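First the structure, in the form of structure tokens, and then the observations on it.
The values are calculated or read from the model by the stated rules, or taken from the named source; none is laboratory data. Quick caveat: nothing in here was measured; it's all calculated off a predicted structure. Note: ideal-geometry Cβ built from the backbone for every residue, glycine included; neighbour counts use all protein chains shown.
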């Protein structure tokens, strides 16, 4: 699962399907993605260029601003890019992965799916977590306590508690979505979680990057 691809495609899509590199970087910092994923400036620009080569994005060179400077590159999501984006969301929602960035990235993009599909994918996630927990408890019995197999039991104890809390949290999210929370695909104007052109980012790292003009 490529978290950076999902995040970058999601950011471009939220800008009406077309954005330049600095906008994408700024938005991902605004989401705090640089704190919980590998969405660092170099990774973002690399992903944009790679996906342009792969046909997921189209690169457009545009004229510089009236203030001067080199031309900027705007990236436009293609039909193949949209298919890849939705596929990545679906995979991230159902897979039980110990890495929090996978699920976090999918949650940031979940409203681009229809409500019913999002609920079904989350239900599948619960089933997958429960199956995973069952496989762990073939070797470890929570009722006996971690001490029953030495300090290594604390590892399995952590895994089981993580699985249990994950099921509880997912069930709560399903309940909120079924109760009408949020605006999903096909339901009207979605929530826009990106910065407008020129809007100051309160969470920006402030670190310049060689490709900030892209």
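Observations
Yes/no per residue for (1) in contact with a strand residue (DSSP E or B) (Cβ under 6 Å, 6 or more places away or on another chain); (2) farther than 17 Å from residue 2 by Cα:
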{"residue": "20", "(1), (2)": "yes, yes"}
{"residue": "27", "(1), (2)": "no, yes"}
{"residue": "34", "(1), (2)": "no, no"}
{"residue": "40", "(1), (2)": "no, no"}
{"residue": "44", "(1), (2)": "no, no"}
{"residue": "49", "(1), (2)": "no, no"}
{"residue": "52", "(1), (2)": "yes, no"}
{"residue": "55", "(1), (2)": "no, no"}
{"residue": "59", "(1), (2)": "yes, yes"}
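- Residue within the range 72-91 that is within 19 Å of residue 164 (Cα to Cα), buried (at least 17 other Cβ atoms within 10 Å of the Cβ) and at pLDDT below 95 present: no
- Number of residues in the range 100-130 that are closer than 18 Å to residue 34 by Cβ and touching a helix residue (DSSP H, G or I) at 6+ places or on another chain (Cβ under 8 Å) equals 9.
- Any hit, the range 147-155, residues being at pLDDT 85 or above, crowded, with 18+ Cβ neighbours inside 10 Å and either in contact with a helix residue (DSSP H, G or I) (Cβ under 9 Å, 6 or more places away or on another chain) or within 26 Å of residue 49 (Cα to Cα) (or both): no
- Residue match in the range 28-41 (condition: touching a helix residue (DSSP H, G or I) at 6+ places or on another chain (Cβ under 9 Å) and closer than 15 Å to residue 75 by Cα): no
- Selection over the range 97-145 of residues that are exposed (fewer than 15 other Cβ atoms within 10 Å of the Cβ), modelled with pLDDT of 90 or more and not in a helix (DSSP H, G or I) gives a count of 1.
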